[in-house]
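Beneath this line is the structure, given in structure tokens, with notes to follow.
The values are calculated or read from the model by the stated rules, or taken from the named source; none is laboratory data. Values in this document were obtained by computation on a predicted structure and should not be read as measured data. Note that each Cβ is placed from the backbone with ideal geometry, even for glycine, and that neighbours are counted across all protein chains shown. Surface accessibility is based on the protein's heavy atoms, side chains included, excluding ligands, DNA and RNA. Shrake-Rupley method; radii C 1.70, N 1.55, O 1.52, S 1.80 Å.
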Amino acid sequence: MEITGLKLPQDAALRNIAEKVYHRERLTEEEGVLLFEKGTLGFVGALADWVAKGLHGNKVYFNRNFHIEPTNVCVFSCNFCSYSRKYQHRDEGWELTQDQMLDIVKKYDGQPVTEVHIVGGVHPKMNLEFFCEVIRKIHTHRPELHIKGFTAVELDYMFRKAKLSVEAGMKLLQEAGLQSLPGGGAEIFAPEVRDQICADKVDAEGWLHIHETAHRIGMHTNATMLYGHIEQYAHRVDHMSRLRQLQDKTGGFNCFIPLKFRNKDNDMSHVPEASIVEDLRLYAISRLFMDNFRNLKAYWPMLGRQSAQLTLSFGVNDLDGTIDDTTRIYSMAGAEEQSPAMSTEDICDLITAVGKTPVERDTLYHELRVYEPISA
Ligand code: V47
Ligand code: SF4
């Protein structure tokens, strides 16, 4: 087996996993748990880097996008959330009007952004009709801009309030101009964890049903996992396994995005955050286990630029966007990035510094521009 930097461990089961990865065989859930229990950073990292290079060579993707967060008022009470405010305390939060959202879009007129990412709290008064109108207005204003919006949590609430099936509701948004869904709201699927961290919002089956429906009507979506809090290794593997199964069925997921739990100013502040070694191990193991997800994204505003840069040697091939606007869900939870903006030049420098080639992509991972290194 020729894998650069790989030192085979003594443990026979780990050696067997290395062989399976090398022969592109799928890992079982037991093997996934074993990697979390016993796989050193060097071991899982070398394997994950090899897999990522086989898929993407030296390329690392990013896109040029901006975010709109319509509101932080939310009917739900996730214990890890530092960002939401209850409707009774809405004066402490924000609620954008349709015109205010359109003004954010207009700020980018003439700029080479390709995507708008719309996600926020679940406001009891912002309903499906309201969001169909917003999407229609944005789409009419700038038809070539890809609109990615609404977590399964927001959608589940909107559709239930409108008394519509998931399919009927999704089709209305699609007709208005919504093109894909972000991956939020997945957290950890296992009910024994979900009940402790976000008991009152859509459950695993509901989340998966919304994504499956979106895939069936021709939309692509992302998938996330909130890690590094009270979950056990087996819960992570169960979560990834359910996503892997749906991906086998539909092929509709664009990428997998592990989200590191941040503990500032929320009801889980007593839970310590994962170490950088644990972060990198998790990215690497995700790359090995999620064999039918081509793209593994490190969302830099939440990890921080330097940690995100490190993940590029541990299986990650995507850094999300340049994000020219403020996104508050992480800065309010303690992420270092208080105003997460990175210019195209910044993001390219970050990628080239680790010997990789930056590639601008669109939301669906079509390559728009390869930034070749400038030769000396
Ligand atoms: O579902 C909330 C997470 C998610 C905290 O699809 C937290 O391209 C860590 O899903 N610590 C929403 N995480 C954001 C999201 C997302 C972000 C970027 C790109 C994409 C994409 C999707 O944020 C929530 C939750 O898992 N979150 N609070 C916290 N304290
Ligand atoms: Fe609401 Fe999302 Fe925060 Fe949960 S994570 S309370 S659904 S804004």
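Under 6 Å by Cβ, and 6 or more places apart or on different chains, what pairs join a residue from region 59-86 that is within 30 Å of residue 351 (Cβ to Cβ) and open to solvent by less than 20 Å² (accessible area, probe 1.4 Å) with one that is more than 7 Å from ligand 2 (Cβ to nearest atom) and of a type in the set (Phe, Trp, Tyr)?
Short answer, once both residue conditions are applied: 66/108.
Looking only at region 102-153, how many residues end up being surrounded by 20 or more Cβ atoms within 10 Å (Cβ to Cβ) and either among the small types (Gly, Ala, Ser) or in contact with a Pro (Cβ under 9 Å, 6 or more places away or on another chain) (or both)?
Qualifying residue count for the region: 14.
What are the residue pairs meeting all of these: first residue in region 10-24, first residue under 20 Å from residue 49 (Cβ atoms), second residue outside any loop (DSSP other than H, G, I, E, B) and β-branched (Val, Ile, Thr), Cβ atoms under 9 Å, and 6 or more apart or on different chains?
Final answer for the pair search is 21/51; 24/51.
Looking at region 113-157 only, could you name the residues that are within 16 Å of ligand 1 (Cβ to nearest atom) and among the aliphatic types (A, V, I, L, M)?
Passing the criteria: 113, 116, 118, 119, 122, 145, 147, 152, 153, 155.
State the number of residues belonging to region 68-92 that are within 24 Å of the chain's Cα centre (by Cα) and either within 14 Å of ligand 2 (Cβ to nearest atom) or polar (S, T, N, Q) (or both).
Residues in region 68-92 being within 24 Å of the chain's Cα centre (by Cα) and either within 14 Å of ligand 2 (Cβ to nearest atom) or polar (S, T, N, Q) (or both): 17 in total.
Taking residue 275 and the conditions (1) over 30 Å from residue 246 (Cβ atoms); (2) at pLDDT below 95; (3) assigned by TED's automatic domain parsing to the domain that holds residue 184, which numbered condition does it fall short on, given that it satisfies the others?
Unmet condition: (2).
Going by the conditions given, is residue 204 in contact (Cβ under 8 Å) with a residue 40 or more places away in the chain and either more than 15 Å from residue 236 (Cβ to Cβ) or assigned by TED's automatic domain parsing to the domain that holds residue 114 (or both)?
Spelling it out, it is not the case that residue 204 is in contact (Cβ under 8 Å) with a residue 40 or more places away in the chain and either more than 15 Å from residue 236 (Cβ to Cβ) or assigned by TED's automatic domain parsing to the domain that holds residue 114 (or both).
Might you let me know whether region 230-238 holds any residue that is under 25 Å from residue 120 (Cα atoms) and of a type outside the set (Lys, Arg)?
There is at least one residue in region 230-238 that is under 25 Å from residue 120 (Cα atoms) and of a type outside the set (Lys, Arg).
Taking residue 320 as the residue in question, decide whether it is more than 9 Å from ligand 1 (Cβ to nearest atom), within 30 Å of residue 213 (Cβ to Cβ) and touching a residue at least 24 places away in the same chain (Cβ under 8 Å).
No; evaluated as a whole, the condition is false for this residue.
Can you confirm whether residue 261 is touching a residue at least 12 places away in the same chain (Cβ under 8 Å) and touching a Ser or Thr at 6+ places or on another chain (Cβ under 8 Å)?
no
Has region 185-193 got any residue that is of a type in the set (Phe, Trp, Tyr), open to solvent by less than 10 Å² (accessible area, probe 1.4 Å) and touching a Gly at 6+ places or on another chain (Cβ under 9 Å)?
no
Inspect region 109-119 for any residue being touching a residue at least 12 places away in the same chain (Cβ under 8 Å), within 13 Å of ligand 2 (Cβ to nearest atom) and either under 18 Å from residue 180 (Cα atoms) or in the same structural domain as residue 189 (by TED's automatic domain parsing) (or both) and give the result as yes or no.
The answer is yes, given that some residue of region 109-119 is touching a residue at least 12 places away in the same chain (Cβ under 8 Å), within 13 Å of ligand 2 (Cβ to nearest atom) and either under 18 Å from residue 180 (Cα atoms) or in the same structural domain as residue 189 (by TED's automatic domain parsing) (or both).
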